[in-house]
1. Using beta carbons and a limit of 8 Å, which pairs, at least six apart or on different chains, have the first residue in region 93-119 and at positive phi and the second one at pLDDT below 95?
2. Filter region 185-201 for residues that are outside any loop (DSSP other than H, G, I, E, B) and aliphatic (A, V, I, L, M); which is most open to solvent (accessible area, probe 1.4 Å)?
3. Within region 202-215, which residues are open to solvent by 10 Å² or more (accessible area, probe 1.4 Å) and either aliphatic (A, V, I, L, M) or assigned to a strand (DSSP E or B) (or both)?
4. Quick check on this structure: which one of Ala369, Ala322 is touching a Leu at 6+ places or on another chain (Cβ under 9 Å), open to solvent by less than 20 Å² (accessible area, probe 1.4 Å) and free of Cβ contacts under 8 Å to residues at least 60 places away in the same chain?
5. Take the residues in region 221-243 that are of a type in the set (A, V, I, L, M) and over 18 Å from Gly30 (Cα atoms); name whichever of them is surrounded by the fewest Cβ atoms within 10 Å (Cβ to Cβ).
6. Only one of Arg142, Arg153 is out of contact with any Ser or Thr (no Cβ under 8 Å at 6 or more places or on another chain) and basic (Lys, Arg). Can you tell me which?
7. Among the residues of region 351-368, is there at least one that is under 23 Å from Tyr58 (Cβ atoms) and touching an Asp or Glu at 6+ places or on another chain (Cβ under 9 Å)?
8. Could you grab the pairs with beta carbons closer than 9 Å, sequence gap of 6+ or different chains, first residue in region 122-142 and at pLDDT 95 or above and part of a strand (DSSP E or B), second one surrounded by fewer than 17 Cβ atoms within 10 Å (Cβ to Cβ) and not hydrophobic (A, V, I, L, M, F, W, C)?
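The values are calculated or read from the model by the stated rules, or taken from the named source; none is laboratory data. In this text, all values refer to a predicted model and were calculated from it rather than measured experimentally. Note that each Cβ is placed from the backbone with ideal geometry, even for glycine, and that neighbours are counted across all protein chains shown. We work out accessible area using only protein heavy atoms, side chains counted, and drop any ligands, DNA or RNA first. Shrake-Rupley method; radii C 1.70, N 1.55, O 1.52, S 1.80 Å.
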Amino acid sequence: MTALVMFDDELADGWAPFSLTRPCGELIFGRWTLRERLERVAGTRVTGHVTRPWLRRYAEAGAPASLGPDRLPDAATYWSSRAVPALDAAWGRSPANLWLAGQLAGIRLAPGGRPPQPDWFAAPRPEPGLADRALPGEWLLRPWDLVSAGPARLADDLAATIGTGVRDLPDGCRRLGSEAIRLGEGARVEPGVLFDAREGPIELGPCVEVRTGARLAGPLYAGPRSRLLGGALSRFSGGPFSFVRGEIDGVTALGYSNKAHDGYLGHAYMGRWVNLGAMTTNSDLKHTYGTVRVGPPGARTDTGLVKLGCLLGDHVKTGIGARLDTGTVVGAGSSLFGAEMPPTWVEPFSWGPGRTRERCRREAFIATATRVVARRGLEADAPFRGWLGDVWDEACRP
């Protein structure tokens, strides 16, 4: 069996705010990260990521490392992080150019072959002499596709993996609808929780806690050791240690993040280690009901979406009562507070109120991240701190 390598092309390189801090294969789409989905289809673990040079020390528990040009295997399948294969795709093992929806998604090389050159990953091309193999699936073009297409993908993923689910819910809980519900080992659900399974399945991972007063509407997935603390949660997919409360709709959270208080979060994507202060609320619909534009001043892009809330990079924090406008993008490491609404494009490592922000100092950012990680029982070791330092250097270089 050949090695399995994911790569970010030139489009994935521009997936702000997430591409600054992580390979795009480590983003959740539906029930799993893009890497975890590929591993399920291929039947083997991903060896590593070919990604942006400043992520050479990428170090996250459970995820493969970044691979430099001198570490690329010859006998390997190289697969685009933006290509989403169908779960029932017949993967195969023979050398081939791999196509998905009419576009080249990757190549599979035999032992003794020459790994791709660095420029190949930005704009991959078919390998001469290889057979062509087509697989079913879809492409992600922009980071907001993770938001707009996420709930439908989540519903399909859960329907394909949950099976019949449970017949009997914990004492004092009610259900609506007939879609499957699965409770992971050690999940604790207090009385008074409503499971609304009319529009999609619901899965709670191992050791998830759900408190009284929560209304869970599918499709919904909560990763291991998450806490659903109350409120109306619908069309939500959360990685491990997602602590959420309030009104949440159409949201993906990478995990290890807190939205533990009331407030609305809709049609949004949260990176890892995000902490939203009490009553933080985003808008996800313009007064004109027009399509939402996203991007920095002078280079905004029309998403074509009528509903789009916010994209929050890793390690973002907001103060109490923070308000985020429709289509807001907040760069990694930013800390926003104060009464004034921030702009819809916030540069990474911004610190301060509204539109008068400063740059968060490198040492202060890493020190805070170290304390935050320790609160979840993880160690911010030297590789972890080096990765975050490299990210700061890239974002804040003159």
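1. From region 93-119, the pairs are Gly112/Asp74; Gly112/Ala75.
2. Among them, the one singled out is Leu194.
3. In the first step, residues of region 202-215 are kept if they are open to solvent by 10 Å² or more (accessible area, probe 1.4 Å); the result is 203, 206-207, 209, 211-213, 215.
Selection gives Glu203, Glu209, Arg215.
4. Just one listed residue meets the conditions, Ala322.
5. Looking at the filtered set, the residue picked out is Ala232.
6. Numbers: Arg142 fails: out of contact with any Ser or Thr (no Cβ under 8 Å at 6 or more places or on another chain).
Just a single option satisfies the conditions, and that option is Arg153.
7. yes
8. Ala131/Ser94; Asp132/Pro126; Arg133/Gly92; Arg133/Ser94; Ala134/Gly102; Leu135/Gly92; Trp139/Gln103
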